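The values are calculated or read from the model by the stated rules, or taken from the named source; none is laboratory data. Since the model is a prediction, treat every value here as computed from it, not as a measurement. Positions of Cβ are generated from backbone atoms using ideal geometry, with glycine treated the same way; all protein chains shown enter the neighbour counts. Calculation scope for accessible area: heavy atoms of the full protein, side chains included, ligands and nucleic acids excluded. Shrake-Rupley method; radii C 1.70, N 1.55, O 1.52, S 1.80 Å.
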Amino acid sequence: MNKLPQTADAVIIGAGLMGCSTAYELAKRDVKNIVVLEKNAIGSGATGQSSGVLRGHYSYEILTRMAIQSLDTFKHAKEILGTDVGYQPVGYLFGVDHENVETLKRNVEMQKKNGVNTGMVSKEEVQKLYPYMDTDQFGGFAFEPEGGYGDPVLLSQAYADAARSLGVKIKQHCGVKKILTSEDGSAIVGVETTDNQTIFTTTVVVAAGVGAHHLMKNIGVDVPIRGQRAQLIYVDPGTELGTVPSFGDFKHDQYIKPEVSSGHLLLGNADHAKPQFIDPADYDADNYPKHATDEAIEKAITKFLTCFPGLERAKLLASYSAAYEATPDGIPYIGHTPIEGAYLCTGFSGHGYKITPVVGKLTADLILEGESKQEGISLAPFRLTRFAENDLLKPENPYTTTINSHV
């Protein structure tokens, strides 16, 4: 048995994007004894299932700020983290129906005000960006040339390696059985691992995705979070498209991510009107379908061909089923809990990858400063108590679509 330290200045539960980026940011600020515990492997949870799309396009101003402030890390990862993280600046295209054109224009202006390199583009320009699309179905488009996609697993490994270089200990295949609290339950005193070791600490960061619910419930804190099933498929477009951008299609409620190396496309469902949730026990046991259903595949192909009627020779290559770590309002938890020393960094509901660099900084701010030190970003919208207080984050310019919380 690999012995863990008996004490730590901070224990982070989960070695995905959020756990590793938080560890790195804390270590950068001279927190010396940090232990990250991961029940499987680095980046093996929601991180490894992410589609990896990068965009600054949101109707929530705070998420736009977080995305654009994070982009610098993707662009300069080699200098900042010491290694490439697969950033592909193929651009991000966003299309809406006629009803949402004015909302799109308002959101583009908000994004530009916050530093996003974006603008409205004509249907003729879109035809050049994305051949074979039926642009007449759409009311309008925006394009941000620095968007695109990257590799979430590479990013989590880069943060893990950078954290290790600063002295952080990352223990894989070692989950947390329970969080330990003082006799009166008011404060953190440590964690007990699944291999029956105890680490005493006064600071625990729960970055365990859906697993945060059970860990916190066992110490008397309700964290509303569920695994929402996501079904994705890979297609061969059947013809050479060249380099095309990632595409948020809000006419047909789908998103498309290109794979530059292969020429294939990843199709994702963006209609969350009737979400499918995975039983928490099944999620913890990794006991849920790993492929898309026939119905989901047929729906995805139909939407894709409706948008791209010129790609009738497209072929299905593969499918997989993942899980969003979804909160009731689609907004993550980054904040205190009622137990002193217990912090949440979880529930990213599909937003997480693109805002990872800022989230690591925010969580370090929370622990060391008690508040955000990131320009224009408050931690208040991400607090756990927002539901009880009926004070939820609202988009400044909401689209009339089934997926407002995702954009």
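In the set (1) closer than 19 Å to Ala270 by Cβ; (2) assigned to a helix (DSSP H, G or I); (3) not small (Gly, Ala, Ser), the condition left unmet by Leu93 is number (2). Annotation: Ala230 fulfils all but one of (1) within 21 Å of Ala326 (Cβ to Cβ); (2) in a loop (DSSP other than H, G, I, E, B); (3) open to solvent by 10 Å² or more (accessible area, probe 1.4 Å); (4) aliphatic (A, V, I, L, M); the unmet one is (2).
The C-beta contact set for segment 134-162 (first residue without any contact (Cβ under 8 Å) to a residue 60 or more places away in the chain and open to solvent by less than 20 Å² (accessible area, probe 1.4 Å), second residue of a type in the set (Val, Ile, Thr) and in a helix (DSSP H, G or I), distance under 6 angstrom, 6+ apart or interchain) comprises Thr135/Val126; Gly140/Val101; Phe141/Val126. Taking strands (runs of 3 or more DSSP E) as the structural unit, those lying wholly within segment 277-393 and holding at least 2 residues that are among the aliphatic types (A, V, I, L, M) and either under 19 Å from Met66 (Cα atoms) or under 23 Å from the mean Cα position of the chain (by Cα) (or both) correspond to 315-326, 342-346. Residues that are over 30 Å from Glu109 (Cβ atoms) and either in contact with a Phe, Trp or Tyr (Cβ under 6 Å, 6 or more places away or on another chain) or touching a residue at least 24 places away in the same chain (Cβ under 8 Å) (or both) were ranked within segment 354-384; the one that is surrounded by the fewest Cβ atoms within 10 Å (Cβ to Cβ) is Leu368. The single condition among (1) open to solvent by less than 80 Å² (accessible area, probe 1.4 Å); (2) assigned to a helix (DSSP H, G or I); (3) under 19 Å from Phe247 (Cα atoms) that Asp271 does not satisfy is (2).
Against the numbered list (1) under 26 Å from the mean Cα position of the chain (by Cα); (2) open to solvent by less than 30 Å² (accessible area, probe 1.4 Å); (3) under 30 Å from Lys274 (Cα atoms), Val205 comes up short only at (3). The set of residues from segment 1-52 being open to solvent by 20 Å² or more (accessible area, probe 1.4 Å), of a type in the set (A, V, I, L, M) and over 19 Å from Leu344 (Cβ atoms) comprises Met1, Leu4, Ala41.
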